[in-house]
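S.K.: One structure, as structure tokens, below. Some questions next.
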Amino acid sequence: MDSMNTSADVVIVGAGPGGLSCAIEAKNAGLSVIVLEKGSLVDYIRRFPANLVWFSTPELLEIGGVPFVISTVRPTRVDTLNYYQKVVRFHRLDVRCFDGVRTIHRSPEGFEIGTAGGALYTGRNVVVATGYFDNPNRLGVPGEDLPHVRHYYDEPFMYFDSDVVVVGGRNSAVEAALDLYRHGARVRLVHRGERLSEGVKYWILPDIENRIKAGEIQASFRSTVLTIQSGAVTVKTPGGTERLPAAFVFILVGFHPDVTHMREFGIRIDPETLAPEHDPSTLETNVPGMYVAGSAVAGKYNNKIFVENGRLHGRVIVSAILASVA
Ligand SMILES: Cc1cc2nc3c(=O)[nH]c(=O)nc-3n(C[C@H](O)[C@H](O)[C@H](O)COP(=O)(O)OP(=O)(O)OC[C@H]3O[C@@H](n4cnc5c(N)ncnc54)[C@H](O)[C@@H]3O)c2cc1C
């Protein structure tokens with residue numbers, strides 16, 4: 001790879017599994033490819049909870065035909081990080097990290113792509129594979145930006161012997177609640193639904209249900225947060241308003257894509273679903289030559305596209321690119 005080269009047949013924005021699988025498909029088809037990444041390689045997976053075990057088994061996370069071999073049924077976050085690093089090395093992909101894309105404009109050659117660091121690239125085609133992880137859903141309640149409130153869960157050790165309120169009823173909230181409980185925090189789970197999501201990992205659901213039954217984790221269902229104050233959370237429950245002690249608060253209620261930058265790139269966004277306008281048979285957006293890949297395709301329904309199916313987008317896009325020049 002030539003690190004001085006700034007033009008390519010395909011410039012890919014985002015080095016997650018979706019962007020990387022596209023890059024491999026393009027390279028295998030004889031196209032030149034540059035991947036631009038604002039953080040580290042597979043940055044969002046790097047920022048997952050430290051103790052995360054994937055729902056997917058490894059063969060469903062494989063890209064580029066590189067076997068993902070582990071000694072357990074499901075990979076950890078670390079297994080996955082190691083795997084995608086190996087894939088990038090194996091396929092000798094040109095991935096340029098720590099300089100995010102800010103602008104994409106039409107140019108005579110296709111597109112001119114500008115980065116936060118001031119670099120300019122030229123791409124005949126662009127693939128936007130920027131995921132959604134930067135934009136956690138918010139509750140929109142007073143106090144949500146206080147310093148003891150977090151929208152991401154990392155690891156449990158800081159919260160030993162503390163009162164922690166976890167808001168949410170899906171995998172992220174449930175796994176954080178269990179991890180915190182097992183590392184000495186006093187946990188209260190607050191969820192607006194009547195019960196936990198049916199999508200909670202099947203081997204975790206009995207664990208959390210039994211911890212709640214035993215009173216080891218407190219849970220408030222059909223409850224919504226009204227305000228967050230220093231040291232407490234005020235919650236509306238079916239029994240009335242309660243003030244819960246909370247040295248820390250985790251709001252883990254999902255994510256939505258950053259549609260601002262997609263709009264700036266010229267992509268039309270559906271105001272209801274937040275999905276980028278695209279042809280499902282090619283993944284080309286309303287901007288000719290600009291494609292979307294991975295979970296960025298799904299808008300706010302990002303649980304519909306994950307690594308397992310987003311990794312297949314590269315083949316669709318590269319076929320469309322090849323057909324467009326045939
Ligand atoms: C806790 C958790 C558990 C999960 N478990 C599973 C599972 O078991 N199985 C499964 O299939 N999926 C799972 N997922 C979903 C999966 O992680 C995502 O679907 C997947 O990461 C999407 O890949 P992607 O390449 O589309 O986007 P991402 O992995 O989100 O990658 C997007 C990349 O784009 C970069 N980027 C963003 N903006 C810019 C910019 N302007 N310029 C340059 N780079 C940019 C980001 O830094 C990031 O590296 C899980 C998700 C979470 C949060």
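The values are calculated or read from the model by the stated rules, or taken from the named source; none is laboratory data. Just so it is clear, the model here is predicted, and its values are computed rather than measured. Glycine also receives a Cβ, built like all others from the backbone with ideal geometry; neighbour counts cover every protein chain displayed. To get the accessible areas, we keep the full protein, side chains included, count just its heavy atoms, and leave off ligands, DNA and RNA. Shrake-Rupley method; radii C 1.70, N 1.55, O 1.52, S 1.80 Å.
S.K.: Please go through the stretch 44-87 and pick out each residue that is part of a helix (DSSP H, G or I), within 11 Å of the ligand (Cβ to nearest atom), open to solvent by less than 40 Å² (accessible area, probe 1.4 Å) and over 22 Å from GLY254 (Cα atoms). First the steps, then the outcome.
M.R.: First, the residues of the stretch 44-87 that are part of a helix (DSSP H, G or I): 44-46, 58-61, 77-87.
Filter once more, keeping what is within 11 Å of the ligand (Cβ to nearest atom): 44-46, 58, 60-61, 77, 80, 84.
If we keep only those that are open to solvent by less than 40 Å² (accessible area, probe 1.4 Å) as well, we get 45, 58, 61, 80, 84.
Residues satisfying the conditions are PRO58, TYR84.
S.K.: Sticking with this one: From the list TYR152, TYR202, pick out the single residue that is under 30 Å from ALA298 (Cβ atoms) and modelled with pLDDT under 95. Working first, answer last.
M.R.: Values: TYR152 fails: modelled with pLDDT under 95.
Of the residues listed, the single one that is under 30 Å from ALA298 (Cβ atoms) and modelled with pLDDT under 95 is TYR202.
S.K.: Report whether or not GLY131 is touching a residue at least 60 places away in the same chain (Cβ under 8 Å) and either basic (Lys, Arg) or touching a helix residue (DSSP H, G or I) at 6+ places or on another chain (Cβ under 9 Å) (or both).
M.R.: Criteria met by GLY131.
S.K.: Filter the stretch 262-275 for residues that are more than 10 Å from the ligand (Cβ to nearest atom) and buried (at least 16 other Cβ atoms within 10 Å of the Cβ); which is modelled with the lowest pLDDT?
M.R.: The extreme case among them is LEU274.
S.K.: Do any strands (runs of 3 or more DSSP E) entirely within the stretch 120-215 hold 1 or more residues that are among the polar types (S, T, N, Q) and either open to solvent by less than 20 Å² (accessible area, probe 1.4 Å) or touching a strand residue (DSSP E or B) at 6+ places or on another chain (Cβ under 6 Å) (or both), and if so, which? It would help to see each step written out before you state the result.
M.R.: Details: elements: 120-128, 163-167, 186-190.
So the answer is 120-128.
S.K.: Next up: Could you list, in sequence order, the residues of the stretch 204-219 that are within 22 Å of LYS236 (Cβ to Cβ) and polar (S, T, N, Q)?
M.R.: The answer is GLN218, and nothing else.
S.K.: Would the stretch 303-325 turn up any residue that is touching a strand residue (DSSP E or B) at 6+ places or on another chain (Cβ under 9 Å) and part of a loop (DSSP other than H, G, I, E, B)? Give the steps one after another, and end with the answer.
M.R.: Residues of the stretch 303-325 touching a strand residue (DSSP E or B) at 6+ places or on another chain (Cβ under 9 Å): 313-314, 316-318, 320-321, 324-325.
Next, only the ones that are part of a loop (DSSP other than H, G, I, E, B) stay: none.
Looking through the stretch 303-325, none of the residues is touching a strand residue (DSSP E or B) at 6+ places or on another chain (Cβ under 9 Å) and part of a loop (DSSP other than H, G, I, E, B).
S.K.: Restricting attention to the stretch 219-240, does a residue exist that is touching a helix residue (DSSP H, G or I) at 6+ places or on another chain (Cβ under 6 Å) and free of Cβ contacts under 8 Å to residues at least 40 places away in the same chain?
M.R.: Step one: list which residues in the stretch 219-240 are touching a helix residue (DSSP H, G or I) at 6+ places or on another chain (Cβ under 6 Å), which gives 219.
Applying the additional criterion that residues be free of Cβ contacts under 8 Å to residues at least 40 places away in the same chain yields 219.
Yes; the residues of the stretch 219-240 include at least one that is touching a helix residue (DSSP H, G or I) at 6+ places or on another chain (Cβ under 6 Å) and free of Cβ contacts under 8 Å to residues at least 40 places away in the same chain.
S.K.: If you don't mind, another one. So GLY294 clears everything in (1) over 21 Å from TYR152 (Cβ atoms); (2) out of contact with any Leu (no Cβ under 8 Å at 6 or more places or on another chain); (3) open to solvent by less than 10 Å² (accessible area, probe 1.4 Å) except one condition, right? Which one?
M.R.: The failed condition is (1).
S.K.: Could you tell me whether PRO280 is in the same structural domain as HIS105 (by TED's automatic domain parsing), open to solvent by 50 Å² or more (accessible area, probe 1.4 Å) and either touching a residue at least 40 places away in the same chain (Cβ under 8 Å) or within 30 Å of PRO75 (Cβ to Cβ) (or both)? Walk me through how you get there before you give the answer.
M.R.: Numbers: in the same structural domain as HIS105 (by TED's automatic domain parsing): yes; open to solvent by 50 Å² or more (accessible area, probe 1.4 Å): yes; either touching a residue at least 40 places away in the same chain (Cβ under 8 Å) or within 30 Å of PRO75 (Cβ to Cβ) (or both): yes.
Judged against the criteria, PRO280 is a match.
S.K.: Report the residue count in the stretch 216-225 for those that are assigned to a loop (DSSP other than H, G, I, E, B) and of a type in the set (S, T, N, Q). Give the derivation first.
M.R.: Of the residues in the stretch 216-225, the ones assigned to a loop (DSSP other than H, G, I, E, B) are 216-217, 221-223.
Restricting the remaining residues to those that are of a type in the set (S, T, N, Q) gives 223.
So the answer is 1.
S.K.: From the list VAL235, VAL259, exactly one residue is open to solvent by less than 50 Å² (accessible area, probe 1.4 Å), under 19 Å from the mean Cα position of the chain (by Cα) and among the aliphatic types (A, V, I, L, M). Which is it? Spell out how you get there, then give the answer.
M.R.: On the way: VAL235 fails: under 19 Å from the mean Cα position of the chain (by Cα).
The unique qualifying residue is VAL259.
S.K.: Among the residues of the stretch 31-43, which ones are of a type in the set (Ser, Thr, Tyr) and open to solvent by 30 Å² or more (accessible area, probe 1.4 Å)? Spell out the reasoning first.
M.R.: Quick first cut of the stretch 31-43, residues of a type in the set (Ser, Thr, Tyr) only: 32, 40.
Selection gives SER32 alone.
S.K.: Quickly run through the stretch 88-115 and pick out the residues that are outside any helix (DSSP H, G or I) and either open to solvent by 60 Å² or more (accessible area, probe 1.4 Å) or free of Cβ contacts under 8 Å to residues at least 60 places away in the same chain (or both). Quick ask: steps written out before the conclusion?
M.R.: Of the stretch 88-115, the ones outside any helix (DSSP H, G or I) are 91-115.
Of everything in the stretch 88-115, those that are outside any helix (DSSP H, G or I) and either open to solvent by 60 Å² or more (accessible area, probe 1.4 Å) or free of Cβ contacts under 8 Å to residues at least 60 places away in the same chain (or both) turn out to be ARG92, PHE98, ARG102, HIS105, ARG106, SER107, PRO108, GLU109, GLU112, GLY114.
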